[in-house]
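The values are calculated or read from the model by the stated rules, or taken from the named source; none is laboratory data. A quick note: this is a predicted structure, and the numbers were derived from the prediction, not measured. In this analysis, Cβ positions are derived from the backbone assuming ideal geometry, glycine residues included, and neighbour counts consider all displayed protein chains.
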Amino acid sequence: MRVRRVALTGGIATGKSHVRAQFEASGVPTIDADILARKVVEPGSAGLAAVVERFGCGILDEAGGLDRRRMGAIVFTDPSARRDLEAIVHPAVQQATDDWFAALDPGVHPFAIADIPLLFEVGRERAFDMSIVVACDPETQVKRVIARDGLTEAEARQRLAAQMPIDEKIRRADSVIWTNGTIAETNRQVDDIRKRLFELGPV
């Protein structure tokens with residue numbers, strides 16, 4: 001018996017962080033692949049050294065850390081650069097995620113959730129027992145990205161274009177949480193899925 005591995009994914013600015021926080025607030029263990037990815041390229045890390053070797057010192061900020069805005073400007077316009085970055089970061093993130101799930105007690109936590117933004121893009125869905133996509137319409141995504149990250153509309157649309165279309169993610173998912181409506185409506189969907197997963201229990 002082991003903890004049921006649930007992947008949470010979606011497009012940029014669809015509301016994954018809010019949904020993950022709701023699961024976590026109800027006692028469900030969660031982990032965020034984006035946070036793990038940041039640790040992989042922390043100053044002084046082998047990951048950051050590999051990124052600098054591939055992309056040059058121009059992607060560093062004044063403190064010697066990774067400048068995410070500069071890095072984003074490169075990888076969101078060049079698919080091969082994005083693949084190179086993923087090849088550096090993703091193996092370490094995957095290992096950390098696997099170790100985290102393995103350390104959980106299925107008797108205490110029948111399921112746990114990993115927030116994996118690029119779940120389908122990198123073919124990771126087979127590593128999970130279930131996938132949940134957090135979705136909203138693309139125009140809402142664009143507005144949220146502009147407001148959240150201070151990007152131009154062109155930059156926001158560039159970010160969306162670099163990801164798999166949300167409709168394709170929905171098609172591949174086991175469950176969908178829609179965030180077009182009110183926060184209360186989103187939370188109600190989270191609670192419904194949480195109850196269903198508790199009923200399913202561990203694997």
Here is a list: Gly64, Gly72. Which entry is part of a loop (DSSP other than H, G, I, E, B), surrounded by fewer than 20 Cβ atoms within 10 Å (Cβ to Cβ) and not polar (S, T, N, Q)?
Gly64
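Please work out if Val133 is touching a residue at least 24 places away in the same chain (Cβ under 8 Å), crowded, with 16+ Cβ neighbours inside 10 Å, within 17 Å of Arg20 (Cβ to Cβ) and of a type in the set (A, V, I, L, M, F, W, C). Reasoning before the result, please.
On the way: touching a residue at least 24 places away in the same chain (Cβ under 8 Å): yes; crowded, with 16+ Cβ neighbours inside 10 Å: yes; within 17 Å of Arg20 (Cβ to Cβ): yes; of a type in the set (A, V, I, L, M, F, W, C): yes.
Against the criterion (touching a residue at least 24 places away in the same chain (Cβ under 8 Å), crowded, with 16+ Cβ neighbours inside 10 Å, within 17 Å of Arg20 (Cβ to Cβ) and of a type in the set (A, V, I, L, M, F, W, C)), Val133 qualifies.
Restricting the search to region 147-160, which residues are outside any helix (DSSP H, G or I) and surrounded by fewer than 17 Cβ atoms within 10 Å (Cβ to Cβ)?
Our first condition is that a residue be outside any helix (DSSP H, G or I); within region 147-160, this holds for 150-152.
If the condition is that a residue be outside any helix (DSSP H, G or I) and surrounded by fewer than 17 Cβ atoms within 10 Å (Cβ to Cβ), then Gly150, Thr152 are the ones that fit.
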Confirm whether Ile170 is under 16 Å from the mean Cα position of the chain (by Cα), part of a helix (DSSP H, G or I) and modelled with pLDDT of 95 or more.
yes
Please enumerate the residues belonging to region 14-46 that are part of a helix (DSSP H, G or I), closer than 26 Å to Arg196 by Cα and not β-branched (Val, Ile, Thr).
Lys16, Ser17, His18, Arg20, Ala21, Gln22, Phe23, Glu24, Ala25, Ala33
Of the criteria (1) under 15 Å from Ala13 (Cβ atoms); (2) loosely packed, with under 14 Cβ neighbours inside 10 Å; (3) among the charged types (D, E, K, R); (4) touching a residue at least 60 places away in the same chain (Cβ under 8 Å), which one Asp191 fails:
(1)
Could you tell me whether region 23-40 includes any residue that is β-branched (Val, Ile, Thr), under 30 Å from Val190 (Cβ atoms) and without any contact (Cβ under 8 Å) to a residue 40 or more places away in the chain?
yes
Hits in region 79-123 (condition: touching a helix residue (DSSP H, G or I) at 6+ places or on another chain (Cβ under 7 Å), among the aliphatic types (A, V, I, L, M) and over 20 Å from Ser45 (Cβ atoms))
Ala112, Ile113, Ala114, Ile116, Leu119, Val122
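For the structure I just gave you, tell me whether Gln163 is touching a Gly at 6+ places or on another chain (Cβ under 7 Å), among the polar types (S, T, N, Q) and not in a helix (DSSP H, G or I). So that I can check it myself, show each step before the final result.
Details: touching a Gly at 6+ places or on another chain (Cβ under 7 Å): yes; among the polar types (S, T, N, Q): yes; not in a helix (DSSP H, G or I): yes.
The answer is yes for Gln163.
Just checking, does region 168-175 include any residue being farther than 30 Å from Arg70 by Cα, assigned by TED's automatic domain parsing to the domain that holds Phe128, without any contact (Cβ under 8 Å) to a residue 24 or more places away in the chain and not aliphatic (A, V, I, L, M)?
Within region 168-175, the subset farther than 30 Å from Arg70 by Cα is 170-175.
Pick out the ones that are also assigned by TED's automatic domain parsing to the domain that holds Phe128 and you get 170-175.
Checking which are without any contact (Cβ under 8 Å) to a residue 24 or more places away in the chain leaves us with 171.
With not aliphatic (A, V, I, L, M) added as a condition, the list becomes 171.
Scanning region 168-175, I find at least one residue that is farther than 30 Å from Arg70 by Cα, assigned by TED's automatic domain parsing to the domain that holds Phe128, without any contact (Cβ under 8 Å) to a residue 24 or more places away in the chain and not aliphatic (A, V, I, L, M), so the answer is yes.
Somewhere in region 72-95, is a residue in the same structural domain as Arg5 (by TED's automatic domain parsing), over 30 Å from Ser26 (Cβ atoms) and touching an Asp or Glu at 6+ places or on another chain (Cβ under 9 Å)? Give the derivation first.
In the first step, residues of region 72-95 are kept if they are in the same structural domain as Arg5 (by TED's automatic domain parsing); the result is none.
Checked region 72-95: no residue is in the same structural domain as Arg5 (by TED's automatic domain parsing), over 30 Å from Ser26 (Cβ atoms) and touching an Asp or Glu at 6+ places or on another chain (Cβ under 9 Å).
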Count of region 105-126 residues which are crowded, with 16+ Cβ neighbours inside 10 Å and outside any loop (DSSP other than H, G, I, E, B):
6
